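Peer 1: Below is a structure I'd like to ask you about.
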Amino acid sequence: MSTTNPARPAEQPQTVPVRPTRSPMSRFVVPRPLRPGQGSTLLRHLFWVAVAAAVVYFVSYGIDPFRNYQLATVAAYLCVTAGLTMLTGLNGQLSLGHGALMACGAYTVALAQNEFSDRDLFGPWRLPISLALGVLVAALAGALIGVCAARLRGPYLAGVTLAVALVVPAFTTRFADLFNADQGLSVYVDSPPAGLGPYFPPERWQAWIAIGAAMVSLLVVANLVNSRFGRSFKAVRDDEVAAKLVGIHVARTQVLAFVVSAACAGLGGGVLAVISQSVSPSVFGLTLSLNLLLAIVLGGLGSLFGAAWGALLLVLLPYLTTEVTRGFDLSPRLANKLEGNLPLAIFGLTLIVVMLVAPGGIQEAFRALGRTVRRRWRRT
Amino acid sequence: MLRNARRGIVVAACLALIATNAACSDDAPSSSGGGGTAAAVPGVTDTEITLGTHMPLTGPAAAGYSKIAPASKAFFDYVNANGGVNGRKIKYLIEDDGYNPANTQTVVRKLVLEDKVFAILNGLGTPTHTGVLDFLKTQKVPDLFVASGSRSWNQPEKYPTTFGYQPDYTVEGKIIADYVKKNFPGQVVCHMGQDDDFGRDSLAGVEQVLGADGVKSKQKYVTSNTNITPQIQAFKTAGCQVVISATIPAFTALSLGTAAKIAFKPQWIPSSVGADYTTLSGLLGPGKALLEGLIAPGYLPVSTDSANPWIQLFQKVNKEYNGNAPFDGNIVFGMNVAYLTVQALLKAGKDLTRENLLAAVESGGFKNAAVGPYRYSKTDHSGIGGMQMGKVTGGVQAAFGPVVQTDDAAGQVTEYTEAAAPPPANGIPTV
């Protein structure tokens, strides 16, 4: 399935989402030689997730509260980008509506948490239950959108998901009694467990929650991608007719990809609600959806490492651009004009430069670098 | 096999390294910093006081409001050039949150945890600032003069470090309704409100004075939907003669424009939040003639009133320290906030701590460009309590009539008789 057939059936022009020659996505489907003695995929992934979690755990002790907050935000975005990169990179479905799916998770978590505290139900089980509910609601919404999406291709799919992204503010306004319109809801969040000590910074606790969630979604996505389902995803992306011929149910595969990706988005949204202790429609607007897409493309489409780079960029780029802008000493007249706009300009410029230097995304650039270094190494 | 083992060793070594690093970190406040000496106060050194704010410099609310923080900064620069506050210069860090509550969360944490500001000043917006109240409370950061008229800022028991600045929307609603009751007796009154605390609190104030059946049609809008024709049509159908509106500038302009399109001409009385003539005429462009006869309350001198000594002072500072930006109500707002802040810092004394500053604000009694009294006390954290009506005549907005004051509960609207004092000759605040 790695070789795309240049002679496509002429009567199926609408099923050509990828270029007939080597598509930018096809590099992900180059079958790796199976390494014998590698053991089960699940165990291998569990091992790496445990290592990553341990590293981040220790890192969270070494950094100050604001860095922990940033780490938590990165982890929350990572939940989403991991699912989205699987959907777009591996299954070829473009979604502009993942911000809305995050909103599903976030609002569910907010309502559940507030309901629990209104009813004086306390305990360590509250947060996991709220997050699980958030994932469930987002997955249901994802299933609904996925069913529609499975019938649509290319720009039409983008159009439907775009509508989903736009509907969030209207929805929260229409049901203002529940969602409190533009102002949004504040989210009741417990302080860190007393056992951690009186001076334990809440930001570190948030970082742990977020990292736990990110590890769960990474584990799920990584395993799915390496399973029969993952291979079906790629087969459907590359050639639906060929996929049908080998017995893959195309629509079902697409819906499954959408549901899993929506569940990840719901988890990310829920975690974001917990970190920021508030939800409001402007957080989950179209800009967020577009930024998520931007993140996975910039990071490296279809790769989980790329998703991690993307999540990192979503948090660091706005931060760094503001920091850079502060370094300039502007006259008041110029500052009045540029204040707020300069970071945006630098942000845009950075994106252009990255896309020119590394058209395959950051992860691909690192891979290329690694290849070059290895080649040089061998030559000497 | 060998490769796996090597990999394992690398991972183990990394973990050990990080673990030792982590073991060295200590969360408890260090003993050297806990002594209460001047050096231990975050954001205060012998030569500098660092303050921070979150503002919509970009995004839907940026129009007009983006000029507030630079104006405050200009006034601080003016004070700094004249010796600062007790020998300390004020550094003002402005963060753009784009009016997005998620960004506010991030930038306020950055200001407090990373930039270690002494206080958060004049954070703008109800939805944006509501989200950081708990954080600022836990961090015990003074949260001064929030740029929004929500009543949430006045909860001294729940949020002891947060203080409001402008008259809250209920006070404003009562003052407008009182004016309408006296000057438009027997006319059909309607209310247009933003669908959040702004609109709700305003309506509550209006109904407090006029009674629940005193408002014939109540309409709401959200900033994300710019089509307000249905609401305006409903007003026309209800036969409204006076429309009180709790709208931001963009929606005041939109309301006037939409009403003109369907030939509906009531007396508009927008909230001071959305009534700055310079901002509105900029938004309406050629349609600015619609603003003629617009009545709105204000709590600061009108920016075009160049006979007012406060406006003269702020115009001078604007020229010298703000690149002579187009002078409007937002600049007056920003500069007066800075003036009030300097007053509070002076009152807190040379030994500046967060506790001192909070006590200084709570002691109240500030006098500056505000037409009404500041209500700050131990039990009241709301801001200015008095307003004066203003009217656009011949393209000029000017205040008229008495300054009136009231509270956000059942209190009467009464006249405030204390005369306004001019600023000190050199324009540097005194307590």
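Peer 1: For region B:127-183, which residues satisfy the criterion of being of a type in the set (Phe, Trp, Tyr) and either away from chain A (no Cβ under 14 Å) or without any contact (Cβ under 8 Å) to a residue 24 or more places away in the chain (or both)? Walk me through how you get there before you give the answer.
Peer 2: Taking region B:127-183 as the starting set, the residues that turn out to be of a type in the set (Phe, Trp, Tyr) are B:135, B:145, B:153, B:159, B:163, B:165, B:169, B:179.
Across region B:127-183, the qualifying residues are B:PHE145, B:TRP153, B:PHE163, B:TYR165, B:TYR179.
Peer 1: Check off (1) over 19 Å from B:GLY173 (Cα atoms); (2) at pLDDT below 95 for B:PHE314 and give me the number that stays unchecked.
Peer 2: Failed condition: (2).
Peer 1: Going by the structure shown, is B:ALA359 at pLDDT 90 or above and either over 30 Å from B:VAL41 (Cα atoms) or in contact with a strand residue (DSSP E or B) (Cβ under 7 Å, 6 or more places away or on another chain) (or both)?
Peer 2: Working: at pLDDT 90 or above: yes; either over 30 Å from B:VAL41 (Cα atoms) or in contact with a strand residue (DSSP E or B) (Cβ under 7 Å, 6 or more places away or on another chain) (or both): no.
No; evaluated as a whole, the condition is false for this residue.
Peer 1: Please verify whether A:ALA214 is more than 14 Å from chain B (Cβ to nearest Cβ), surrounded by 18 or more Cβ atoms within 10 Å (Cβ to Cβ) and farther than 24 Å from A:GLU240 by Cβ, treating the condition exactly as stated. Steps first, answer last, please.
Peer 2: Working: more than 14 Å from chain B (Cβ to nearest Cβ): yes; surrounded by 18 or more Cβ atoms within 10 Å (Cβ to Cβ): yes; farther than 24 Å from A:GLU240 by Cβ: yes.
Against the criterion (more than 14 Å from chain B (Cβ to nearest Cβ), surrounded by 18 or more Cβ atoms within 10 Å (Cβ to Cβ) and farther than 24 Å from A:GLU240 by Cβ), A:ALA214 qualifies.
Yes or no, residue by residue, for (1) within 18 Å of the chain's Cα centre (by Cα); (2) over 29 Å from B:GLU415 (Cβ atoms); (3) touching a residue at least 60 places away in the same chain (Cβ under 8 Å); (4) more than 14 Å from chain A (Cβ to nearest Cβ):
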residue: B:LEU313; (1), (2), (3), (4): no, no, yes, yes
residue: B:TYR321; (1), (2), (3), (4): no, yes, yes, no
residue: B:PHE333; (1), (2), (3), (4): yes, no, yes, yes
residue: B:VAL371; (1), (2), (3), (4): yes, no, yes, yes
residue: B:GLY385; (1), (2), (3), (4): yes, no, yes, yes
residue: B:VAL396; (1), (2), (3), (4): no, no, yes, yes
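Peer 1: Right, next: How many of the residues in region A:169-197 are within 9 Å of chain B (Cβ to nearest Cβ), under 25 Å from A:SER95 (Cβ atoms) and in a helix (DSSP H, G or I)?
Peer 2: 5
Peer 1: What's the total number of residues in region B:96-119 that are of a type outside the set (A, V, I, L, M, F, W, C), touching a strand residue (DSSP E or B) at 6+ places or on another chain (Cβ under 8 Å) and within 23 Å of B:GLU48 (Cα to Cα)?
Peer 2: Counting residues in region B:96-119 that are of a type outside the set (A, V, I, L, M, F, W, C), touching a strand residue (DSSP E or B) at 6+ places or on another chain (Cβ under 8 Å) and within 23 Å of B:GLU48 (Cα to Cα) gives 4.
Peer 1: Next question, about the same structure. In region B:383-404, is there at least one residue being under 22 Å from B:LEU346 (Cβ atoms), in contact with a Phe, Trp or Tyr (Cβ under 7 Å, 6 or more places away or on another chain) and modelled with pLDDT of 90 or more? Reasoning before the result, please.
Peer 2: We begin by selecting, within region B:383-404, every residue under 22 Å from B:LEU346 (Cβ atoms); these are B:383-384.
Retained after the next criterion (residues that are in contact with a Phe, Trp or Tyr (Cβ under 7 Å, 6 or more places away or on another chain)): B:383-384.
Adding the requirement that they be modelled with pLDDT of 90 or more leaves B:383-384.
Within region B:383-404, one or more residues are under 22 Å from B:LEU346 (Cβ atoms), in contact with a Phe, Trp or Tyr (Cβ under 7 Å, 6 or more places away or on another chain) and modelled with pLDDT of 90 or more.
Peer 1: Regarding region B:398-415, can at least one residue be identified that is of a type in the set (A, V, I, L, M, F, W, C) and under 20 Å from the mean Cα position of the chain (by Cα)? Full working, then the answer.
Peer 2: Applying the first criterion (of a type in the set (A, V, I, L, M, F, W, C)) to region B:398-415 yields B:398-400, B:403-404, B:409-410, B:413.
Filter once more, keeping what is under 20 Å from the mean Cα position of the chain (by Cα): none.
Looking for residues that are of a type in the set (A, V, I, L, M, F, W, C) and under 20 Å from the mean Cα position of the chain (by Cα), one finds none in region B:398-415, hence no.
Peer 1: Does region A:314-324 contain any residue that is in contact with a Lys or Arg (Cβ under 8 Å, 6 or more places away or on another chain), hydroxyl-bearing (Ser, Thr, Tyr), at pLDDT 85 or above and within 20 Å of B:MET55 (Cα to Cα)? Talk me through it step by step, then tell me what you get.
Peer 2: Going through region A:314-324, the residues in contact with a Lys or Arg (Cβ under 8 Å, 6 or more places away or on another chain) turn out to be A:319.
Going one step further and asking which of them are hydroxyl-bearing (Ser, Thr, Tyr), we end up with A:319.
From what's left, at pLDDT 85 or above: A:319.
Okay, now just the ones that are also within 20 Å of B:MET55 (Cα to Cα), so A:319.
Checked against the condition, which is being in contact with a Lys or Arg (Cβ under 8 Å, 6 or more places away or on another chain), hydroxyl-bearing (Ser, Thr, Tyr), at pLDDT 85 or above and within 20 Å of B:MET55 (Cα to Cα), region A:314-324 yields at least one hit.
Peer 1: Take the residues in region A:264-320 that are aromatic (Phe, Trp, Tyr) and within 10 Å of another protein chain (Cβ to nearest Cβ), then tell me which one is nearest to A:ALA100 (Cα to Cα).
Peer 2: It comes out as A:PHE284.
Peer 1: Something else: So A:ALA103 fits all but one of (1) out of contact with any strand residue (DSSP E or B) (no Cβ under 9 Å at 6 or more places or on another chain); (2) within 14 Å of chain B (Cβ to nearest Cβ); (3) farther than 19 Å from A:VAL220 by Cα; (4) at pLDDT 90 or above; what number is the exception?
Peer 2: (1)
Peer 1: A follow-up question, please. Quickly run through region B:303-334 and pick out the residues that are part of a loop (DSSP other than H, G, I, E, B) and surrounded by fewer than 23 Cβ atoms within 10 Å (Cβ to Cβ). Lay out the reasoning, then the answer.
Peer 2: Kept after step one, since they are part of a loop (DSSP other than H, G, I, E, B), are these residues of region B:303-334: B:303-308, B:322-328.
If the condition is that a residue be part of a loop (DSSP other than H, G, I, E, B) and surrounded by fewer than 23 Cβ atoms within 10 Å (Cβ to Cβ), then B:THR304, B:ASP305, B:SER306, B:ALA307, B:ASN308, B:GLY323, B:ASN324, B:ALA325, B:PRO326, B:PHE327, B:ASP328 are the ones that fit.
Peer 1: Just give me the residues in region B:237-260 being of a type in the set (Ser, Thr, Tyr), part of a helix (DSSP H, G or I) and within 29 Å of the chain's Cα centre (by Cα), in sequence order.
Peer 2: Answer for region B:237-260, where residues must be of a type in the set (Ser, Thr, Tyr), part of a helix (DSSP H, G or I) and within 29 Å of the chain's Cα centre (by Cα): B:THR252, B:SER255, B:THR258.
Peer 1: With respect to the numbered conditions (1) surrounded by 22 or more Cβ atoms within 10 Å (Cβ to Cβ); (2) outside the structural domain of B:ASN356 (by TED's automatic domain parsing); (3) of a type in the set (Val, Ile, Thr), which one is the sole condition not fulfilled by B:VAL188?
Peer 2: Going through the list (1) surrounded by 22 or more Cβ atoms within 10 Å (Cβ to Cβ); (2) outside the structural domain of B:ASN356 (by TED's automatic domain parsing); (3) of a type in the set (Val, Ile, Thr), B:VAL188 breaks only (1).
The values are calculated or read from the model by the stated rules, or taken from the named source; none is laboratory data. All values derive from a computational prediction rather than experimental measurement. Reconstructed Cβ throughout: ideal geometry from the backbone, glycine too, with neighbour counts over all protein chains shown.
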